[in-house]
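Encoded as structure tokens, the structure appears first; notes follow it.
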Amino acid sequence: MTTLLIDDDELDELERELVARVRGRVLEIGAGDGENFGAFDPGVAWIGLEPDAKRRAELATRAREWRHASAPLDARAESIPLPDASVDAVVGTYVLCSVADPAVALAEVRRVLVPGGRVIFVDHVLAPPRTLKRAVQRVATPIAKRVCHGCHWDRDTERALADAGFVGSDIRRLRVRSMPFGPVPMLLFDGRAPGGDV
Ligand SMILES: C[S@@+](CC[C@H](N)C(=O)[O-])C[C@H]1O[C@@H](n2cnc3c(N)ncnc32)[C@H](O)[C@@H]1O
């Protein structure tokens, strides 16, 4: 399958366009230092979680500037301190590559979402079988996990989302220009949890 080849700026633009789609009570998991704030619709009621203390401090500063944000939660996606069916949408950019257990994290995402709630995920993903990129990803992941805050280069995130019951309405599989081992496969996923009448 041929996938569209883009550069970093084009990816940023697509990512912002996706993040801008969510409405209502929005949970951002692994929100980092708050890069996505500039992309959210101004009416969104933002809740964020971030386990890294340094990033969370910066995130808290940005959250205070946002009219409808609560203080970021010190939590991991595998154990979200929110009630069942309490948010309308969940956003995660470059987080499913980092969480310790994607299946557990996605089950938690599903639990806190209202039925039919929206999910937006953006991440780099495992390259197709029999490619040099995939071989490099497999070899490099144990090192990347140690030096890049738990980042896995070899996750099949589209499969994990499907296994968790999420259904995509706009799934984009792209490649981003990169050196030296060729383009990085990316997944941009706009989908919904089961249930609801949407
Ligand atoms: C590559 S950064 C992405 C940050 C931000 N989402 C962005 O796009 O700029 C990955 C983030 O996930 C956080 N993280 C790591 N493990 C996590 C977990 N189990 N649950 C939630 N967030 C986690 C890290 O602390 C880090 O801030």
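I'd like to verify a number: residues in region 15-31 that are surrounded by 17 or more Cβ atoms within 10 Å (Cβ to Cβ), out of contact with any helix residue (DSSP H, G or I) (no Cβ under 6 Å at 6 or more places or on another chain) and not small (G, A, S), how many?
Final tally of qualifying residues: 8.
Sort out which residues of region 159-176 are of a type in the set (A, V, I, L, M) and closer than 15 Å to R192 by Cα, and write them in order of number.
Selection gives A160, L161, A162, A164, V167, I171.
I'm trying to understand the selection: among the residues of region 178-193, which are outside any strand (DSSP E or B) and at pLDDT 95 or above?
A193, the sole residue that qualifies.
Matching residues to (1) buried (at least 16 other Cβ atoms within 10 Å of the Cβ); (2) farther than 19 Å from A89 by Cα; (3) β-branched (V, I, T):
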site: D12; (1), (2), (3): no, yes, no
site: D33; (1), (2), (3): yes, yes, no
site: L49; (1), (2), (3): yes, no, no
site: R56; (1), (2), (3): yes, yes, no
site: E65; (1), (2), (3): no, yes, no
site: L73; (1), (2), (3): yes, no, no
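Restricting attention to strands (runs of 3 or more DSSP E) lying wholly within region 1-103, give those where 3 or more residues are within 9 Å of the ligand (Cβ to nearest atom).
The qualifying strands (runs of 3 or more DSSP E) are 87-93.
Give the residues of region 91-108 that are touching a residue at least 60 places away in the same chain (Cβ under 8 Å) and more than 16 Å from G191 (Cβ to Cβ), sorted by residue number.
Within region 91-108, Y94, C97, S98, V99, A103 meet the criteria.
Which numbered condition in (1) part of a helix (DSSP H, G or I); (2) buried (at least 18 other Cβ atoms within 10 Å of the Cβ) is the only one that V119 fails?
Just one mismatch for V119, condition (1).
Quick one: which residue in L161, L174, L126 is among the hydrophobic types (A, V, I, L, M, F, W, C) and part of a strand (DSSP E or B)?
When all the criteria are applied, what remains is L174.
Out of all the residues in region 148-191, which are aromatic (F, W, Y) and more than 16 Å from the ligand (Cβ to nearest atom)?
Listed by number, the residues that qualify are F166, F181.
The values are calculated or read from the model by the stated rules, or taken from the named source; none is laboratory data. The structure presented is a predicted model; accordingly, all values stated were derived computationally and were not measured. FYI the Cβ positions are ideal-geometry reconstructions off the backbone, even for glycines, and counts take in every protein chain you see.
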